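Derivation of every value follows stated rules applied to the coordinates shown; laboratory data play no part. As the structure is a prediction and not an experimental result, all values here were calculated from the model. Positions of Cβ are generated from backbone atoms using ideal geometry, with glycine treated the same way; all protein chains shown enter the neighbour counts.
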């Protein structure tokens, strides 16, 4: 048994980045929340299911986030598998060995669905399972058996070790992040799963689900909280990026800040209309649905302008 003291996740709606932030703080990697969200591109993406179910924020190909991590000051590598894979049991064992080795070296780990379907910091192990820190509730001394990880209804095993490394300069970090954001916004099959939409099409899908009454109540409240958090950090990332590159392209950054402030403000309004967690029957009030739809349309228009400005910045750096 070994535990790493003072290693905990930082509560965020994007639990993946909340876990990464907790690991970075433990490793003394000094990165602002905004820089973490923006430099991974997460601050400017969106992923919406046809009925706005709660899977949207995590049900997309997230391989780019570990790649962009190296610009920020850390590496992330590990094990992933579906429980339907022939070698699933072997992958569970490999994940278990990775965590034990990493924790023994005082390196933090993160994993998927240690309790609920969210990400968790893995901060220790016993003789038969993982100790963790993450959303709902704080795990404390509760142990997840190593051979149960991934054996859920979702059936996804995911465990990573986090290590510090030298960060890249701000211009490269911004350009790489915006390149990913622009690609993701175009709904490529390499990043987006069936029945989900990203970018402006994601906003359109969300609006349609509200206006046709098919939106999942729990999902609407969760998506609103997640994506408003992202855009809020997106605004702060743009401000920090402008400072880091000493005013280069300051007019474009100011334009982008203005647009994403509008997006953030209106997604925040939706999260207040439908505070998490909502039930389906609680998201049926026609007046509230119409109001939320109008907020989304304002956010969509600003997002469309914001994406165009991001493209200008990307091509100008």
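What distance in nm lies between label points placed 7 Å from Cα along the C-beta direction at residue 106 and residue 290?
6.2
If we count other beta carbons within 10 Å of each Cβ, what is the order of 238, 149, fewest first?
If I rank by nearby Cβ atoms, fewest first, I get 149, 238.
P(r) of the stretch 170-316 in 10 Å steps, Cα pairs, percent per bin?
Spelled out bin by bin, the stretch 170-316 gives 11, 40, 31, 15, 3, 0 percent.
Give the relative contact order (percent, whole number) for the stretch 69-174; include only Cα pairs under 8 Å separated by 6+ residues.
Once divided by the residue count of the stretch 69-174, the mean separation gives 40 percent.
Using all Cα-Cα distances in the stretch 101-239, what percent lands in each 5 angstrom bin from 0 up to the longest?
P(r) over the stretch 101-239, rounded to whole percents: 2, 8, 12, 15, 15, 17, 15, 11, 5, 1, 0.
May I ask for the distance between the Cα centers of the stretch 120-170 and the stretch 67-93, given as a whole number of Å?
Cα centroid to Cα centroid, the span is 12 Å.
Rounded to the nearest 500, what is the 222 nm mean residue ellipticity of the chain from helices alone, with -39500 (n - 2.57) per DSSP H run of 4+ residues and division by all residues?
-16500 deg cm²/dmol
Please work out whether the stretch 230-304 counts as rounded, prolate or oblate from its C-alpha gyration tensor, where a ≥ b ≥ c are the square roots of the eigenvalues and a/c under 1.5 means rounded, while otherwise a/b larger than b/c means prolate and anything else oblate?
In terms of gyration-tensor shape, prolate.
Rounded, prolate or oblate for the stretch 163-244? Axes are the square roots of the Cα gyration tensor eigenvalues, ordered a ≥ b ≥ c, and the cut-off for rounded is a/c under 1.5.
Prolate.
Could you tell me which label, among (i) 54, 50, 34; (ii) 84, 44, 37; (iii) 69, 44, 40, carries the value of Cα extents along the principal axes in Å calculated for this structure?
(i)
Picking from 244, 231, 67, which is most flexible by a Gaussian network model of the chain using Cα springs under 10 Å?
244
Could you list 35, 156 in order of exposure, starting from the residue whose Cβ has the fewest other Cβ atoms within 10 Å?
Fewest-to-most ranking of 35, 156: 156, 35.
Before anything else, pin down the relative contact order of the chain: Cα pairs under 8 Å, at least 6 apart, normalised by residue count, whole percent.
Computed over the chain, the figure is 23 percent.
Under the Kirkwood approximation applied to all pairs of distinct alpha-carbon atoms, what is the hydrodynamic radius of the stretch 23-87 in Å?
14.0
Post the alpha-carbon centroid distance, the stretch 274-315 to the stretch 201-232, in whole angstrom.
Cα centres, the stretch 274-315 to the stretch 201-232: 7 Å.
Tell me, rounded to the nearest percent, the portion of alpha carbon pairs in the stretch 61-113 spaced more than 17 Å apart.
Every Cα pair in the stretch 61-113 considered, those over 17 Å come to 47 percent.
So how much slack lies between residue 239 and residue 187, counting 0.36 nm per residue of separation and subtracting their Cα-Cα distance, in nm?
So the extension gain works out to 16.0 nm.
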